[in-house]
Each structure stands twice: as C-alpha cells, then as structure tokens.
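Below is one structure, written out as structure tokens, with a few remarks after it.
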Amino acid sequence: MYPDPRRRTLLLSAAAAGLGLVPAHGLLAQDLAEPAHLDVPYVPTPQEVVDRMLAMGKVGKNDVLYDLGCGDGRIVVTAARVHGARGTGIDLNPVRIAEAKQNAKNAGVTERTSFRVGDLFETDVSPATVVTLYLLPTINVKLRPRLWQQLKVGTRVVSHAFDMGPEWPAERKAEVEGRVIYQWTITEANKRALKA
Ligand SMILES: C[S@@+](CC[C@H](N)C(=O)[O-])C[C@H]1O[C@@H](n2cnc3c(N)ncnc32)[C@H](O)[C@@H]1O
C-alpha cells in the first residue's frame, strides 16, 4: 500500500528540487529525508471531512488550533483560511512540513499558521483551544493523559476515524463520506481523573 521508504525518499527529494521547494524553504534535498519511524503513516483527511471536523470543533477567529501529525497542513490551513483561526501543525516528517508551509503560503495564511518538525508526544499543546487528530486507536489512547494534563478546560478535541477508548467516551459523533468523526471537550473531571 505504501511504497518502499528509501525509494520514496529519493523520489520526494527529486520532486522537491524539481518543484522548487528547496529555495522556497531553504532546505537541501537531503533535509527532506523521511524519518525511519513514524507512529502513523501519512493518509490525508478528505476536505469534506476537514470541514466537518472544524465545524464540530466550533473553530472561530479566536481559536488556536493544533493538528498533531499535520501531514500537508490541510486542517490548519483550512482553519486559518475559512475560520480566521491561528494554527500550528506538528509532524515528524520534514517532507510533510515543507508541503504544509507551501500550502499555507499558497492560501495566504502564512502569518496565522506555523508548522514545525516534531514528535507529537513531545509537543506542548497547552496553547491550543482546539486539537485535531487523525492518528490510530493506540496512539490516541497513549496521547490521552497528555491532553487531559496540558489542555485548558473547554478545549475541544476532534478526531478523524478513531475514538479515545472506553474511559473517555466522545461527546458527539458524526459521519461524513463514510468516515466517523469524534468530538470531546476537556472538563474538570478529566483533570480530576489524572490525580485519581
Ligand atoms: C494519518 S496522517 C494525518 C495527516 C493530517 N492530520 C490529516 O488529517 O490530513 C498522520 C500524520 O502523522 C505523522 N506522524 C506520525 N507519527 C508522528 C509522531 N510521532 N509525531 C508527529 N507526527 C507524526 C505522519 O507523518 C503523518 O503525516
């Protein structure tokens, strides 16, 4: 389903140079080598699903959205372009971050967005008022205590396809194009559960 990573790196590096990504981002082709280990493979969220995720998260101009494992940045870029929010995208893969920066530039939202290479398990998410995820069930559950600990009460969490396990049932669920979307709000009860 996914091409051989070494071949993919070569192709992506060549494509990056050909597309002019190198001068645009000040990156050399070898800087775009994909990391050896990803917790989740890259599969982008369809735009219709992105739109519904942002609606479920009630994203507005005062929000700060974090997409953990942001891929090509489409969720952050849409939040900024359509809803006027500010947003940050984190991805372990520098190729994705280069794409996201270019997409933000194309959409004219560079000033309201930032993208950086990083591990979602090492990212401080405390500035967020909305967090979006398209990860895997085990990764969501592993991330849950960090979300409960770092996020402010009232912060919305929206996940494409995967829930957070039976200990944190979703507040709302929706289906778009055959994809399920889950939404939670951080509460005082989540904070208390951490101490129990
Ligand atoms: C399924 S894709 C989702 C992309 C984007 N959020 C979307 O919905 O279109 C998951 C992304 O997570 C990234 N990723 C995997 N493990 C990661 C980690 N430990 N820290 C940060 N990003 C990671 C992958 O590179 C990939 O771009």
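A few points about this structure:
- When segment 166-192 is filtered for residues that are among the aliphatic types (A, V, I, L, M) and within 16 Å of Asn140 (Cβ to Cβ), the ones remaining, listed by number, are Ala170, Val180, Ile181, Ile186.
- Hits in segment 138-156 (condition: touching a Lys or Arg at 6+ places or on another chain (Cβ under 9 Å) and either farther than 23 Å from Gly87 by Cα or in contact (Cβ under 8 Å) with a residue 60 or more places away in the chain (or both)): Arg156
- Residue check, Arg156 of a type outside the set (A, V, I, L, M) and either in contact with a helix residue (DSSP H, G or I) (Cβ under 6 Å, 6 or more places away or on another chain) or surrounded by fewer than 19 Cβ atoms within 10 Å (Cβ to Cβ) (or both): no
- Residue in segment 45-64 that is farthest from Ser159 (Cα to Cα), counting only those that are crowded, with 24+ Cβ neighbours inside 10 Å and more than 10 Å from the ligand (Cβ to nearest atom): Val59
- Top-ranked residue in segment 127-146 [being farther than 14 Å from Leu65 by Cβ and more than 14 Å from the ligand (Cβ to nearest atom); ranked as surrounded by the fewest Cβ atoms within 10 Å (Cβ to Cβ)]: Pro145
- Test: Glu177 is acidic (Asp, Glu) and at pLDDT 95 or above: no
- Within the set Asp124, Asp39, Asp67, the sole residue that is assigned to a loop (DSSP other than H, G, I, E, B), closer than 24 Å to Trp184 by Cα and within 8 Å of the ligand (Cβ to nearest atom) turns out to be Asp39.
- Subset of segment 127-143 (residues that are assigned to a loop (DSSP other than H, G, I, E, B) and not aromatic (Phe, Trp, Tyr)): Pro127, Ala128, Thr129, Leu135, Leu136
- Subset of segment 97-121 (residues that are assigned to a helix (DSSP H, G or I), surrounded by fewer than 24 Cβ atoms within 10 Å (Cβ to Cβ) and within 10 Å of the ligand (Cβ to nearest atom)): Leu120, Phe121
- Leading residue by the ranking (surrounded by the fewest Cβ atoms within 10 Å (Cβ to Cβ)) among those in segment 70-96 that are part of a helix (DSSP H, G or I) and either modelled with pLDDT under 95 or within 11 Å of the ligand (Cβ to nearest atom) (or both): Pro94
The values are calculated or read from the model by the stated rules, or taken from the named source; none is laboratory data. Keep in mind the model is a prediction, meaning the values are calculated, not measured. Note that each Cβ is placed from the backbone with ideal geometry, even for glycine, and that neighbours are counted across all protein chains shown.
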